[in-house]
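Undergrad: Here it is: the structure, laid out below.
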């Protein structure tokens, strides 16, 4: 039962500051996903936690144990973690069984070693593969062996760096699900870097969103999805629509945006900003009075749902709206849009960060 | 809980993810550096004994300039031809669909098993070699081409055939795609092979002495033997060392900052194999021609001499000489491996000491055997316990030929993907356990090749062996010399044939592609 | 490589290492009655003599064969630490070099007196064993008039017809003798004239004889026994004969193989015995028959088909001074023959 706690972590690679003032706490036993664009430092963070990169400031704690403070570090081979890098990294000169048993201490008996290896292989669904060589396995099987290898020493913390990225779509979903349930069942504190927004939302207990070497927001999937701190962050977890808006600073604030037409009074203090809307938070109706209209320019049909692209007057770009069920409209039709869901207001001049 | 601190964290993370080398490693590297420096130290000591008048005479006379020009021209000519022929043969073997590929590959490398003096003798006895310099170019080119071929073959294997497909779709013809796509990728490996050729030519004595070509090695030998003036000879040898450092400098600047650190090239397709009858015929004839000239001819001459013998063969002597050769050469090869590994490890990490150890080792490689022999005589005779023992002889071999193994070992260490060593570290392995469990097994094929190269070279070595061997200890090379010195060429033939036969074994092993690492790359 | 294979390899190698190191110390067994010899004379020819010595006296011989000059260089490098007891050299030059470094011991008067005064060192530290005469080897069908003097060889009609081996110690000894008798200036003149006559250069005397036989060159300056040696090797008659110059001509220089005892040797009396053995009448006669050389002790003996030593009328030359090859080499280099 180990909590992963990172405080004010700073990392320099050469002259470049890659991570700055990074704070993140992953409660013991939970599965966390780390989302962010390429180059934001996700892999560096993982490698720093693993001990492969030396930080310049900040502290990392595994439970009660201080693992690194400023540039004093506990070397990686003493940290008792599991690390799955992107390339899997099975040792090509060793068999599957030897790979899995690689980290096991020399002092345990042969019999014990054998049983641990078999147990691990069974855990990942590869019973009987002990004697095979890595080059004889498919990509998915290799990932599973790598996982078995990492888990064989019952690590307190497991770090995964996009481990499913080079698998095909269907396999990715299936394997990801298996792996996550395995880790959750064994109550291992896990941190997974991923590009896949949906996968992260589905599997994680905690989602951390990174930008430019810094964790900007973290929370439950629902929390970060529904309450992103900015449009940019919102993008990490799903499609977002940012509409320019103005609100009237009165006791009852009224909202004016291409989607919200407030007739009448425009006097009083007006604050400019934007609102963030998720595609599923807009409903499409037949042309109705009192609602803003838009013209359908494209329909993307996904089978289980569809995404309509519409031209909204007052807004330069196409907006996307997600609808479920059969699509009742065609391209070119003018429809009415209704905004359901919370008003997420983002001020024009944000105070601080 | 032990914590390891470091002052400048950002520097540690720079680009060298491999981490700082341990003290033991540095000590080992320094030891190798010292061992390699021994002959140079000897030369400097002797050269310092020279009086200034003689110094000026030797350095600035016209003859020295002549020798300088002859030596440089010989090196340039041989390197040029050997590189050209070597790349061509390797290209043909890698890109044309030829029958018996494995056999051809072994046969084109085999000439390396024939010592240059044996080679020269057989060609001389045939009687149609042109004048001295040209003859030397021919002989040395033929015997050293395999070093380039070997390097080029390995380099071709690492090229992704898909790139050539793309090049073709972009409108490049065969020749253009070779120069613009293939060559840049093989130039580093070929450069290393050519470097060995250059240093070999600089140090060769057998061929140039028999053909009367005035190179530094011959001048050094003549000075030792003629005037017993070891100071002048040492001075000439130092000039030789200076030339080899120039050569090494050129190779290093020619070598691009290679991307060897990560084996990131995924071979998605093998190189396309030409199948047209015309290309197959041309390639096959060219290769067969080389094999005939470089391998078959000297062998046939040796065989002819062998069968024209009148006295019966002393089998015991043959057997003893063979066993002696194999045991002392093997010992030398193993010592070389032990000395080379720390240097290679340090060089891969691009540390100061690694770079300089590697360069020192290369420098020593250009020294003729007589210099190495005398240096160790001078050093070893102070210690009667080790003087004229097989141990010291093996040690001499290891320093003489260390350069050949260091290059190969360094490359194979560099090819071990960093992420594997990192993963091993996260799996609880200390640095030394990572080395033994991951790095060394993965680098094993390259380490083996390097060691075999030293083994092979040690078997053929003559001048240092003559001086350092225990009295009464004969190797196949010394037996050959014993007989050819008195012009008993047919007496020498059985020893020469046996030497070539035994040397063929490590040569054959070296010529095979290493399948284990290939598998790793083809994932 | 798996662990078990690695272990097997290591045990095999340790076994090899042990064998190798054991064979190394083979020499150090019979410390009391054994001699270490550095022999510039090749094994093929000298070994029977060594065997006969061992049989007669019971003294074991540890012989290190090599090139005389290389062995001399090695002894010079080893200095006082040299393990050699006796140095047997193929020519006087190498002996002289070692003697010049004061590394040889004085020999017994009895040994020195076995040979004529010009065949032993004035410093009394080495003595000649066999004689090697310089001759003109030639193809009888291509050389009608035999030259009587070396000065004829620089005449125009000899252009391109003569072969020499300038790197060979015996040729250099010949030039040294010329410097001794005629002076440096005259020698340089002779050499320049020779050089202008485009002589064919070879590395070894044996190659010269071979070339004459093959028709590449008409004649060459070599040591007398090479004609015999090459014929033996090729197993047939060769189209080469030996010719001497007129008496006391420099071309008839007789060089010698000789021996010296190392000053640091601990077996000096045994080494003396060996020298005495080699200078004995029986062994000297054997040299003439088996190796086709001249006996220094018995100059009246003649190798097959050749005049006796006392008939050759070699030029009067101080052999000990033949070791100073520095000037000779410098001259040869200056003239462009080296």
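A short reminder: the numbers here are calculations on the coordinates, not readings from a lab. None of the values given here were measured: they were computed from a predicted structure. Please note: Cβ atoms are built from the backbone with ideal geometry, for glycine as well, and neighbour counts cover all protein chains shown.
Undergrad: Once you wrap a convex hull around the alpha carbon atoms of chain B, what is its projected area averaged over all directions, in nm²?
TA: 28.4
Undergrad: On C-alpha positions alone, give me the angle between the axis of helix C:43-57 and the longest principal axis of chain C, in degrees, nearest 10.
TA: Long axis of C:43-57 versus the principal axis of chain C: about 60 degrees.
Undergrad: Treat region A:113-242 as a sphere of radius equal to its Kirkwood radius over Cα pairs and apply Stokes-Einstein at 37 °C in a medium of 0.692 mPa s; give the translational diffusion coefficient in µm²/s, rounded to a whole number. Each step should come with its number before you reach the end.
TA: Values: Rh = 16.2 Å.
Result for D is 203 µm²/s.
Undergrad: Determine the relative contact order of chain A: mean sequence separation of Cα pairs under 8 Å and six or more apart, normalised by residue count, in whole percent.
TA: On the way: 736 pairs, mean separation 55.4, N = 353.
Across chain A, relative contact order equals 16 percent.
Undergrad: Multiply the residue gap between residue A:347 and residue A:184 by 0.36 nm, knock off their C-alpha separation, and tell me the result in nm, one decimal place. Before the final figure, lay out the partial values.
TA: Numbers: separation 163, 0.36 × 163 = 58.68 nm, distance 3.90 nm.
Gain on stretching residue A:347 to residue A:184: 54.8 nm.
Undergrad: So, in Å, what gap is there between the alpha-carbon centers of region B:384-398 and region C:105-168?
TA: Centre-to-centre distance over Cα atoms comes out at 39 Å.
Undergrad: Still on this structure, I have one more. In whole angstrom, how long is each semi-axis of the equivalent ellipsoid of chain A, when you take the square root of 5 times every eigenvalue of its Cα gyration tensor and sort them from largest down?
TA: Details: eigenvalues 438, 133, 42 Å².
Over the Cα atoms of chain A, the semi-axes work out to 47, 26, 15 Å.
Undergrad: Return the average number of partner chain Cβ atoms within 10 angstrom of each residue Cβ along peptide B:425-436.
TA: For peptide B:425-436, the averaged partner shielding equals 6.
Undergrad: Still on this structure, please answer the following. With a cut-off of 8 Å between alpha carbons and a minimum separation of six or more residues, what is the relative contact order of chain B in percent? Before the final figure, lay out each step's value.
TA: Working: 715 pairs, mean separation 115.7, N = 523.
Answer for chain B is 22 percent.
Undergrad: In addition: For region B:340-494, report the translational diffusion coefficient in µm²/s to the nearest whole number, using Stokes-Einstein at 20 °C, 1.002 mPa s, and a Kirkwood Rh over Cα pairs. Walk me through the numbers on the way to the answer.
TA: Values: Rh = 17.6 Å.
Using the Kirkwood radius from Cα pairs, D works out to 122 µm²/s.
Undergrad: Another question, if that's okay. When you look at the Cβ of every residue in A:82-93, what mean number of other chain Cβ atoms sits within 10 Å?
TA: On the way: counts 2, 5, 2, 5, 1, 7, 3, 8, 4, 9, 11, 13.
Mean shielding by partner chains, rounded to a whole number: 6.
Undergrad: If packing is taken as the average number of other Cβ atoms within 10 Å across a peptide's residues, how do B:409-417, B:279-287 rank, most packed first? Intermediate values should be presented prior to the final figure.
TA: On the way: B:409-417: 22.8, B:279-287: 15.7.
Packing proxy ranking, top to bottom: B:409-417, B:279-287.
Undergrad: Would you please put B:448-459, B:496-507, A:330-341 in order of how densely packed they are, using the mean number of other Cβ atoms within 10 angstrom per residue and starting with the highest?
TA: Values: B:448-459: 25.6, B:496-507: 21.1, A:330-341: 13.8.
The most tightly packed comes first, giving B:448-459, B:496-507, A:330-341.
Undergrad: Tell me, rounded to the nearest percent, the portion of alpha carbon pairs in chain C spaced more than 25 Å apart. Let's see the in-between values first.
TA: Details: 31156 of 56953 pairs.
In whole percent, the long-distance tail amounts to 55.
Undergrad: Name the residues of region A:75-119 whose amide N is less than 16 Å from a point 7 angstrom out from the Cα of residue A:171 along the C-beta direction?
TA: A:86-90
Undergrad: Most fluctuating residue of C:45, C:174, C:277 in a GNM of chain C with Cα springs under 10 Å: which is it?
TA: Largest GNM mean-square fluctuation: C:45.
Undergrad: What whole number of Å gives the distance from the Cα centroid of region B:322-341 to the Cα centroid of region C:269-326?
TA: That distance is 44 Å.
Undergrad: What's the ranking of A:61-73, C:147-159, A:139-151 by average number of surrounding C-beta atoms within 10 Å, highest first?
TA: On the way: A:61-73: 18.0, C:147-159: 15.1, A:139-151: 23.6.
Order by mean packing, descending: A:139-151, A:61-73, C:147-159.
Undergrad: While we're here: Quick one: what Rg and Dmax do you get for the protein assembly as shown from the alpha carbons, in Å?
TA: 41.2, 146
Undergrad: Separate question: How long are the semi-axes of the ellipsoid equivalent to region B:314-384, from square roots of 5 times the Cα gyration tensor eigenvalues, in whole Å, largest first? Don't skip to the end; give the middle numbers.
TA: On the way: eigenvalues 187, 61, 24 Å².
Working through the eigenvalues yields semi-axes of 31, 18, 11 Å.
Undergrad: Compute the projected area of the convex hull of the Cα atoms of region C:113-264, averaged over all viewing directions, and report it in nm² to one decimal place. Intermediate values should be presented prior to the final figure.
TA: Values: hull surface 42.9 nm².
Seen from a random direction, the Cα hull of region C:113-264 projects 10.7 nm² on average.
Undergrad: Using 7 Å Cα-to-Cβ label points, what is the residue B:277/residue B:23 separation (nm, one decimal)?
TA: So the label points at residue B:277 and residue B:23 sit 7.3 nm apart.
Undergrad: Right, here's the next one. Among C:237, C:44, C:311, which one shows the biggest mean-square fluctuation in a GNM of chain C, springs joining Cα atoms closer than 10 Å?
TA: Judging by the Gaussian network model, the answer is C:44.
Undergrad: Additional query: Could you work out [θ]222 nm for the protein assembly as shown from helices alone, using -39500 (n - 2.57) per DSSP H run of at least four and dividing by all its residues? Round to the nearest 500 deg cm²/dmol. Each step should come with its number before you reach the end.
TA: Details: 47 runs with 606 residues, N = 1214.
Mean residue ellipticity, 222 nm, calculated: -16000 deg cm²/dmol.
Undergrad: In the calculated pair distance distribution of region B:122-194, what percentage of Cα-Cα distances lie above 20 Å?
TA: 50
Undergrad: Find the centroid of the Cα atoms in region A:4-58 and in region A:111-155, then give the distance between the two in whole Å.
TA: Between the Cα centre of region A:4-58 and that of region A:111-155, the gap is 29 Å.
Undergrad: A further question on this structure: Evaluate E = 1/(1 + (r/R0)^6) for residue A:298 and residue B:54, where r is the Cβ-Cβ distance and R0 equals 56 Å; express this FRET efficiency to the nearest 0.05. Intermediate values should be presented prior to the final figure.
TA: Working: r = 93 Å, r/R0 = 1.66.
So, using R0 = 56 Å, E works out to roughly 0.05.
Undergrad: Shifting gears a bit: Using 1/(1 + (r/R0)^6) with R0 = 25 angstrom and r between the beta carbons of residue C:231 and residue B:293, what's the FRET efficiency to the nearest 0.05? Display every interim value, and only then the final one.
TA: Working: r = 31 Å, r/R0 = 1.25.
That pair, residue C:231 with residue B:293, gives E of 0.20.
Undergrad: Give the average, rounded to an integer, of partner chain Cβ atoms located within 10 angstrom of each Cβ in A:49-61.
TA: Numbers: counts 0, 4, 3, 10, 5, 10, 3, 5, 1, 0, 0, 0, 0.
Mean number of neighbouring Cβ atoms from other chains: 3.
Undergrad: While we're on this one: For region C:21-160, take the alpha-carbon Rg, divide it by the Kirkwood Rh, and send me Rg/Rh. Walk me through the numbers on the way to the answer.
TA: Details: Rg = 19.9 Å, Rh = 18.1 Å.
My calculation puts Rg/Rh at 1.10.
Undergrad: Right, another one. Report the FRET efficiency, 1/(1 + (r/R0)^6), for residue A:202 and residue A:330, where r is their Cβ-Cβ distance and R0 is 35 Å, rounded to 0.05. Each step should come with its number before you reach the end.
TA: Values: r = 33 Å, r/R0 = 0.94.
Step by step, r from the Cβ atoms, then E = 0.60.
Undergrad: Considering only DSSP beta bridges where both residues belong to the protein assembly as shown, give the percentage that are antiparallel (nearest 5).
TA: On the way: 81 of 112 bridges.
Here the antiparallel bridges make up roughly 70 percent for the protein assembly as shown.
Undergrad: Mind giving me the nanometre distance, one decimal, between the label points for residue A:28 and residue B:97, set 7 Å out from Cα along Cα→Cβ?
TA: 6.6
Undergrad: Report, to two decimal places, the Cα Rg of region B:161-255 normalised by 2.2 N^0.38 Å (N = number of residues).
TA: Numbers: Rg = 20.7 Å, N = 95, 2.2 N^0.38 = 12.4 Å.
The value comes to 1.66.
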